[in-house]
Amino acid sequence: MSEFLTFAELGFRHITDPQGADHILFLLALAAIYRVRDWRELLWVVTAFTVGHSITLALAVTGALSLSMPVIEFLIPVTIVVTALENLLRRDRVGVPGVQWHRPALAGVFGLVHGAGFANYLRSLFVERITVPLFGFNIGLELGQIAVLTVAGVLLAALDRALARVKLPAAFPSPYRLRVLTVSLIVAVVATGWAVERNPW
């Protein structure tokens with residue numbers, strides 16, 4: 001297997017492995033407010049996250065940027081909590097035209113944090129050359145990210161269908177909003193626990 005494919009496989013496994021649950025949970029938090037028809041807006045968000053983590057990954061792995069890993073490991077679940085809270089505070093997106101740019105901007109900034117987390121793993125694998133491993137690992141991460149988001153999309157769509165069949169009291173939120181609230185609350189609680197455990201201070 002070529003060096004590129006080896007590192008692409010490592011990148012894919014790194015983000016889809018249950019041990020990388022923090023990154024998976026972040027992607028779930030990002031996807032929680034979107035439906036199939038919102039794929040264009042989700043594409044902008046995912047692209048911004050990709051750009052953010054690619055920048056920090058490259059800088060940290062090449063030694064151009066030195067970061068405190070305990071702080072990064074703490075900040076990663078914080079980004080998940082903030083994303084989940086943003087989901088909870090948003091009003092229903094129905095009828096909102098165009099792309100809302102604050103969401104991609106948020107994803108891009110948080111991508112910078114997650115890229116530093118990826119770098120910690122990748123740096124330990126380098127021997128001499130870094131260009132091909134870095135590129136391959138990043139491609140693997142993106143393929144893994146697509147796989148995670150695809151599974152999340154299927155599960156969220158199934159949850160929407162299930163909630164639509166339930167006769168909810170009039171005082172309850174819409175099935176879509178109920179899905180967003182449920183998923184985001186679960187994500188926020190889990191990530192808050194991680195943040196407390198990883199507190200470097």
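We did not get these values from a lab; they are worked out from the coordinates using the rules stated. Quick caveat: nothing in here was measured; it's all calculated off a predicted structure. FYI the Cβ positions are ideal-geometry reconstructions off the backbone, even for glycines, and counts take in every protein chain you see.
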Take LEU178 and VAL196, extend 7 Å from each Cα along the Cα→Cβ direction, and tell me the distance between the two endpoints in nm.
2.9
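Using unit Cβ charges (K, R positive; D, E negative) and no other charged atoms, how large, in debye to the nearest 20, is the dipole of the range 3-197 about its Cα centre?
On the way: 15 positive and 13 negative charges, 190 e Å.
Dipole magnitude for the range 3-197 comes out near 920 debye.
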Tell me, how many Å apart are the Cα centres for the range 128-201 and for the range 1-66?
13
Please identify the trypsin sites (Lys or Arg not before Pro) of the range 17-96 that satisfy two criteria: DSSP loop assignment and at most 12 other Cβ atoms within 10 Å. Which are they?
ARG91
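Can you compute the helix-only [θ] at 222 nm over the chain? Use -39500 (n - 2.57) per DSSP H run of at least 4 residues, normalise by all residues, nearest 500 deg cm²/dmol.
On the way: 7 runs with 149 residues, N = 201.
Per the formula, -25500 deg cm²/dmol.
What length, rounded to one decimal in nm, is gained on full extension from LEU155 through to VAL78, with 0.36 nm per residue of separation minus their alpha-carbon distance?
Details: separation 77, 0.36 × 77 = 27.72 nm, distance 2.42 nm.
Contour length minus the Cα-Cα distance gives 25.3 nm.
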Quick one: go through the range 47-62 and flag any residue whose amide nitrogen is under 19 Å from the point 7 Å out along the Cα-to-Cβ line of GLU3.
58-62
For ASP38 and ARG90, compute 0.36 nm times the residue count separating them, minus their Cα-Cα distance, and round to one decimal in nm.
17.2 nm
Hey, if you put +1 on the Cβ of every Lys and Arg and -1 on every Asp and Glu Cβ in the range 45-201, which of THR79, VAL109, LEU181 ends up farthest toward the positive end of that dipole?
LEU181
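Based on alpha-carbon atoms only, what is the radius of gyration of the chain relative to the globular estimate 2.2 N^0.38 Å? If you can, show how the numbers build up before the last one.
Values: Rg = 17.8 Å, N = 201, 2.2 N^0.38 = 16.5 Å.
Dividing the Cα radius of gyration by 2.2 N^0.38 Å gives 1.08.
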Taking Cα atoms, how many degrees apart are the long axis of helix 102-123 and the longest axis of the chain, rounded to 10 and kept between 0 and 90?
40
